């Protein structure tokens, strides 16, 4: 979310200084399991891009929903275009969530009391 961009940039610059930027959808759960057993490694590397169809529903129930106007969801990672000036962080082969995952996330937003931009603009003429 753009409102968090300054803090995110600070975090990314710090992480990049260690040379450890990458996806963590698979490595983070492995780290947590290892940490609980007291045998964590100093470095975890996720070799392949994340298969978005295997991601669990986000824990929207953990959000302080009174601090958000809308819910925000990510259904795609990557970019299929080959612009010479761009190097997309998630690669050139887009990953896409399934048609079952998207409405499930929207329902989770509704249960949490958040609207989405599409539901907030429904009924408005273009």
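Residue-by-condition table, conditions (1) in the same structural domain as residue 21 (by TED's automatic domain parsing); (2) under 19 Å from residue 21 (Cα atoms); (3) at pLDDT 80 or above:
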site	(1), (2), (3)
43	yes, yes, yes
55	no, no, yes
99	no, no, yes
123	no, no, no
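Of all residues in region 13-29, which are surrounded by 11 or more Cβ atoms within 10 Å (Cβ to Cβ) and over 23 Å from residue 51 (Cα atoms)?
Selection gives 15 alone.
This table checks each residue for (1) more than 29 Å from residue 104 (Cβ to Cβ); (2) in contact with a strand residue (DSSP E or B) (Cβ under 9 Å, 6 or more places away or on another chain); (3) in a loop (DSSP other than H, G, I, E, B).
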{"position": "8", "(1), (2), (3)": "no, no, no"}
{"position": "15", "(1), (2), (3)": "yes, no, no"}
{"position": "33", "(1), (2), (3)": "no, no, no"}
{"position": "46", "(1), (2), (3)": "no, no, yes"}
{"position": "57", "(1), (2), (3)": "no, no, yes"}
{"position": "73", "(1), (2), (3)": "no, no, yes"}
{"position": "85", "(1), (2), (3)": "yes, no, yes"}
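The values are calculated or read from the model by the stated rules, or taken from the named source; none is laboratory data. Predicted, not measured: the structure shown is a model, and the values here were computed from it. Positions of Cβ are generated from backbone atoms using ideal geometry, with glycine treated the same way; all protein chains shown enter the neighbour counts.
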